[in-house]
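In what follows, a structure is listed as structure tokens, so that the remarks can point back to it.
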Amino acid sequence: MPRGDNPNSRANLIVNSERTPKERSAQASKAGKASGESRRLKKSFKEAAKAQCTPEVLDKITGRIIQMAMAGNLNAFKILRELLGEDPKDEIQKELLKLRRREVELKEEGW
């Protein structure tokens, strides 16, 4: 997909409704192959990262995150809070779910 406001970059785009079924099939096949390659690449990176993450490495990383958070790094603080399972977004979602359940119960009771 072209980026920006350059009209020349958008001039060569063809809408799918203007393509023949054979062209659409070829594009879908190409996209599917690219998607599969991307998934395989991500999987290999994940496996490599897991192989490198020994308990000692994880201890060092965690210690560094704590140091950065104590020094005032807000992103490090957010990461640390998520690692500890104290993400406020999760708490808000839990409370909203409770309220919605209560609302359904009240509607069923005729309120």
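All of the numbers you see were taken from the coordinates with simple rules; none came from a lab. None of the values given here were measured: they were computed from a predicted structure. No Cβ is skipped: glycine too gets one built from the backbone with ideal geometry, and neighbour counts run over all protein chains shown.
The table below lists the values:
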{"read-out": "Square roots of 5 times each gyration tensor eigenvalue, C-alpha, region 63-111, largest first, Å", "value": "39, 7, 5"}
{"read-out": "Region 1-45 and region 50-100: distance between their alpha carbon centers, rounded to Å", "value": "36"}
{"read-out": "Coil-residue GluC sites (Glu not before Pro) of region 3-111, DSSP, other Cβ within 10 Å capped at 15", "value": "86, 109"}
{"read-out": "Helix-derived mean residue ellipticity, 222 nm - over the chain, DSSP H n ≥ 4, -39500 (n - 2.57), to 500", "value": "-25500 deg cm²/dmol"}
{"read-out": "Neighbour cut-off at most 16 other Cβ (10 Å), DSSP loop, trypsin sites (Lys or Arg not before Pro), region 3-111", "value": "3, 19"}
{"read-out": "Cubic angstrom per residue, convex hull over Cα atoms of region 15-86", "value": "142"}
{"read-out": "Degrees between helix 21-52 axis and first principal axis of the chain (Cα, 0 to 90, nearest 10)", "value": "30"}
